[in-house]
Amino acid sequence: MNRIVFVLHGRDLIPAFELEEGVFVLPSGKRKRGLSVFALSSVKGKFEPSNFKNLLKEAEKRVEDLAKEVDEELLWESIARPLTIEELAQIYFGESVKDERLAVLYRVLSSSIYFKRKGNVFVPRPQEEVQKLKEMERAERTKKERVEKFLKFVKEGGEAGEEEEEMFSLLRDYVIYEGQIPERALAEEVIKALGLRSPKGILSFLVRMGKWEEGREPLFEKLNLDRPFSRELILLERERRPEELGRIEDPIPALAIDEEETKEVDDAISLKGEGESFVVGIHVCDLASFIPADSELDREAQRRAQTIYLPERRYFMLPEELVEEKYTLSPQRPSRALSLYLKLTSELKIEKWWFSRTLLRIRRTSYQEAEEILLRDFPVLVEFFKKRQEARRRRGAILVNLPELEIKVMDGERVEIYKKDTGDLSHSLVQEAMILYNEKAAEFLAKTHTPAVYRTQPFDPGEVPQVEPSDPLYFLKIIPYLKASQLTTHPQPHLSLGVNYYTQATSPLRRYGDLVIQRQITHALGLSRVKYSPGELMATFEALEEKSHQIKELVRQRRLYWIMKYLSQRRGKLLLGYYSRFVGGRHMAFFPDLLLELPVSLPWNRPQRPGREFVFRVEKADPVRKTALLVLAT
């Protein structure tokens, strides 16, 4: 038989050589039985292993060329009911055909916007559906043209016009909003055409094209961090007078312990009394008395959610000048606070406690200077908070003192890194004071049946591993067990802190959620009519939590960027590391001077002993991609 025909292979119509009846050679060279001839080809030739593929390509091209001449719209306008391909060919060509014209028509109509295939028949689409498909086809054609034009611009260069700038903007939005944009399909077409495979790759492309600032995180844009506070708003709030209902003046100076450069001083402590009668005061800036709920500044603070601390700069939740002039606890003027007072027995146990609006005199000191002051002037406070910490430990609290990594950026470029100890007396005392304030705030709201958002953390103390602080991998081993708390409107224990109730109300200058809880306390004291319902609270806090996750990721990315910048400035330098694990075919090591686990290059293809000490040399580091090459020093 030895002829070229068209056969249906699955749903595809393909050319093939029919060697004998029922035996076909496909374009792949495979022989196939059981197929039936759909149409004959006008291309003639005998099957030869060296040339059969060329003949089949010729037959295929003949069909493709003829397909361009088919007027499917004319045929569609002539048809009102479903017909077979043979019936359609009879109408279109005016005669019964079995040659390649049948194959041509089948190919065209199978992908037509005018017909849809159902089994062996073709059904004409309704006019509305055809119109919609035409619009989609035009849009797809326009998209293809835009992509091709943009690729040509990228290849040839020149000055970007309006269309090119729109494409760059599209790519920026794609990265910023993680693909969740209206023109996602177009963006992904461009990304695919450019051969880009990841958000990092897209950013690198935009940096090369001068359309993205090197090192700038997409979350900067998503969070809209550069949006300034309006001058009108600042002037309005500068003139606003605070609420003073129920405020008492406390003549005892309160000690505010914080970093020297801190501007948002939220808290302070005080002690009055002699002999066996003492009253401890824990004071938190009374921001609720300054900012009315749902005011313009309140809505702006809610949008920002919290102050963001990055190595290169800070983004304040509230206007910086208002914080310094009015809100912060300051030695320069009487300061307004929402204070927790605790009357102690001679055994330093809490006899009673209460909250009050206060007017304070503030004495400011740093963590470094505070230890001497506390031991000299406040030994009762030191002893009291040590007892509180021990009581929490007995109730199952996880007490760990992990160092913090300080990253200082000088002149916007040079980086210094050092570790800060947070386990000293000053840090421990302030931490205990804040935990106690938050515990009593939660207990007060629960007892007064005031709606609140509590933070709970159920856990099994047996899960926490017994790790010695001297273990070089202590940081890595303990961090996974310091899990984030859960939100609830029902008071429940926070077991890892060892308390029965817990909320957060000690940083209203830095966290919007703390301001909301402060308003609830003020309402429960009968000093304000503002009161949030449980539904309002959960809606607010869930939105704040989502924003908080984004901010944490931004902080993580920025810290990693500056650590890589630091390493790039120390090429050839040595770095002490401890082997941690072998994962995904890569060796990992923990670097105590960076408080960071990084992939490393080692000459072995098998895991090493965890905790084994190595010295690595910094070969290179890329801050944008946040990668480093650290090799074993020899």
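The values are calculated or read from the model by the stated rules, or taken from the named source; none is laboratory data. Predicted, not measured: the structure shown is a model, and the values here were computed from it. Virtual Cβ from ideal backbone geometry, glycine too; neighbours counted across all protein chains shown. For the accessible areas, the whole protein counts, side chains as well, though only heavy atoms, and no ligand, DNA or RNA atoms are used. Shrake-Rupley method; radii C 1.70, N 1.55, O 1.52, S 1.80 Å.
Among the residues of region 24-83, those identified as without any contact (Cβ under 8 Å) to a residue 40 or more places away in the chain, more than 55 Å from the chain's Cα centre (by Cα) and open to solvent by 30 Å² or more (accessible area, probe 1.4 Å) are Arg33, Gly34, Ser36, Val37, Glu48, Pro49, Ser50, Asn51, Ser78. The single residue among Thr307, Thr262 that is within 30 Å of Glu416 (Cα to Cα), modelled with pLDDT under 95 and within 28 Å of the chain's Cα centre (by Cα) turns out to be Thr262.
Kindly establish whether Leu527 is in a helix (DSSP H, G or I) and either modelled with pLDDT under 95 or surrounded by 17 or more Cβ atoms within 10 Å (Cβ to Cβ) (or both). In short, no. Does Arg559 satisfy the condition of being of a type in the set (Lys, Arg), crowded, with 16+ Cβ neighbours inside 10 Å and out of contact with any Lys or Arg (no Cβ under 9 Å at 6 or more places or on another chain)? It is true that Arg559 is of a type in the set (Lys, Arg), crowded, with 16+ Cβ neighbours inside 10 Å and out of contact with any Lys or Arg (no Cβ under 9 Å at 6 or more places or on another chain).
Is one or more of the residues making up region 216-231 closer than 30 Å to Thr522 by Cα and touching a Gly at 6+ places or on another chain (Cβ under 8 Å)? No, region 216-231 contains no residue that is closer than 30 Å to Thr522 by Cα and touching a Gly at 6+ places or on another chain (Cβ under 8 Å). Taking first residues from region 539-568 that are β-branched (Val, Ile, Thr) and partners that are modelled with pLDDT under 95 and part of a helix (DSSP H, G or I), no Cβ contact under 6 Å between residues at least 6 apart in sequence or on separate chains turns up.
Quick one: Pro319 ticks every box in (1) open to solvent by 20 Å² or more (accessible area, probe 1.4 Å); (2) within 26 Å of Lys222 (Cβ to Cβ); (3) at pLDDT 95 or above bar one, so which box is it? For Pro319, the exception is condition (1).
Please determine whether any residue of region 583-597 is surrounded by fewer than 16 Cβ atoms within 10 Å (Cβ to Cβ), closer than 30 Å to Leu287 by Cα and not small (Gly, Ala, Ser).
First, pick out the residues of region 583-597 that are surrounded by fewer than 16 Cβ atoms within 10 Å (Cβ to Cβ): 583-586, 593.
Then keep just the ones that are closer than 30 Å to Leu287 by Cα; that gives none.
No, that holds for no residue.
Listed by position, the strands (runs of 3 or more DSSP E) enclosed by region 324-442 that each have at least 3 residues that are open to solvent by less than 20 Å² (accessible area, probe 1.4 Å) are 335-344, 350-360.
Table: residues versus (1) under 19 Å from Leu473 (Cβ atoms); (2) modelled with pLDDT under 95; (3) aliphatic (A, V, I, L, M); (4) assigned to a strand (DSSP E or B).
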| site | (1), (2), (3), (4) |
| --- | --- |
| Tyr566 | no, no, no, no |
| Leu575 | yes, no, yes, yes |
| Ser580 | yes, no, no, yes |
| Leu594 | yes, no, yes, no |
| Val600 | yes, no, yes, yes |
| Phe614 | yes, no, no, yes |
| Glu619 | no, no, no, yes |
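Among the residues in region 236-247, are any surrounded by fewer than 17 Cβ atoms within 10 Å (Cβ to Cβ), touching a Leu at 6+ places or on another chain (Cβ under 6 Å) and in a loop (DSSP other than H, G, I, E, B)? Within region 236-247, one or more residues are surrounded by fewer than 17 Cβ atoms within 10 Å (Cβ to Cβ), touching a Leu at 6+ places or on another chain (Cβ under 6 Å) and in a loop (DSSP other than H, G, I, E, B).
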